[in-house]
1. In region 5-266, what % of DSSP beta bridges are antiparallel (nearest 5)?
2. Dipole of region 66-201, Cα-centred, from +1 at each Lys and Arg C-beta and -1 at each Asp and Glu C-beta, to the nearest 20 debye?
3. Quick one: Val119, Val45, Val19, Val150, fewest Cβ neighbours within 10 Å first, how do they rank?
4. Considering the options Asn106, Ile198, Leu71, tell which one lies farthest towards the positive end of the dipole of the chain, charges being +1 on Lys and Arg and -1 on Asp and Glu at the Cβ, about the Cα centre.
5. Per 0.36 nm of contour for each residue apart, how much would the distance between Glu104 and Glu81 grow if the chain were fully extended, relative to their Cα-Cα spacing?
6. Note down the nm distance, to one decimal, between modelled labels 7 Å out along Cα→Cβ at Lys17 and at Leu73.
7. Compute the length gained on full extension between Asp48 and Tyr96: take 0.36 nm times their separation in residues and subtract their Cα-Cα distance, giving the result in nm to one decimal.
8. Which one of Ile198, Ile143, Ile22 has the biggest mean-square fluctuation once the chain is modelled by GNM with Cα springs under 10 Å?
Amino acid sequence: MNFGIDCQLLKGLIITKIVIKIGTSTLAHPSGHLNIRHIEHLCKVISDLKNAGHEIIIVSSGAIGMGVGKLGLKGKPTDIETKQAAAAIGQCELMYTYDKLFNEYNHNIGQILITAPDVEDEKRRHNFENTLFRLLELDVIPIINENDTVSVEEIEIGDNDTLSAIVAVSVKADLLVLLSDIDGLYTADPHLDSNAQIISVVKEITPEIEKLGGGKGSSLGTGGMVTKIHAAKIATKAGTDMIITNGNNPEILYDIVDGKTIGTRFESR
């Protein structure tokens with residue numbers, strides 16, 4: 001299989017800039033402890049795509065989930081103070097792991113933690129974007145997360161699906177990929193309806209499509225299909241295609257950059 005940048009096409013466009021959102025369910029076991037096999041494989045594949053010439057930006061969940069695992073808590077905390085404490089602990093482990101694994105393939109990473117005012121205020125957003133573009137110029141893989149250690153309702157973005165769409169728009173990404181614990185958007189809830197079928201392409205986000213969003217995702221995460229469809233609205237409106245797919249097998253990213261039909265693709269306008 002050839003991964004040279006000149007032959008990687010999707011919808012007739014050469015993919016050069018990809019935002020990859022990695023959900024908590026892809027990084028951690030239900031216990032909150034790190035899924036070592038998944039994250040090692042994921043970093044290897046992303047490094048290979050980077051070697052092929054792509055610019056990669058990662059939006060990574062997992063800080064609170066990993067903090068929960070490291071603290072030995074029985075589940076995701078409900079009070080803001082414990083959430084922030086878990087995030088402070090989990091973020092350290094998360095970035096240490098990314099740094100160690102990407103260094104094995106000679107790639108540097110850079111961490112950016114933001115809150116809602118960093119993207120809502122024009123001056124702060126400009127500074128955020130300048131930092132992001134400079135990291136890309138320096139051939140660094142930016143890893144972005146919401147600053148859960150200080151976020152409260154008034155300043156939080158709320159979920160990393162939305163954050164990844166904001167990042168994709170900021171860098172004018174060619175593609176946004178959401179790696180989750182579900183294969184894509186279905187015609188019904190596949191956990192409840194055995195006849196549910198995956199929707200390969202969404203050309204327009206209609207009220208009917210939004211109704212398919214359903215409820216919340218995994219117990220350790222903050223999103224669900226609702227937030228993913230919201231992210232798709234943000235990304236596609238700005239001209240970025242978005243794909244929802246299962247992060248269980250990281251090598252699916254190779255198929256995506258080869259233009260194969262994977263998961264559910266939301267086509268940009």
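Derivation of every value follows stated rules applied to the coordinates shown; laboratory data play no part. Bear in mind that the values here come from a model prediction, so they are computed numbers and not experimental data. Don't worry about glycine lacking a Cβ; one is built from the backbone with ideal geometry, like all the others, and counts go over all protein chains shown.
1. Values: 8 of 35 bridges.
Just about 25 percent of them are antiparallel.
2. It comes to approximately 360 debye.
3. Numbers: Val119 19, Val45 16, Val19 29, Val150 13.
In order of increasing Cβ crowding within 10 Å: Val150, Val45, Val119, Val19.
4. About the Cα centre, the residue reaching furthest to the positive side is Ile198.
5. Values: separation 23, 0.36 × 23 = 8.28 nm, distance 3.54 nm.
That works out to 4.7 nm of additional length.
6. According to this spin-label approximation, the distance is 3.6 nm.
7. Values: separation 48, 0.36 × 48 = 17.28 nm, distance 2.01 nm.
Using 0.36 nm per residue and subtracting the Cα-Cα distance, I get 15.3 nm.
8. Ile198
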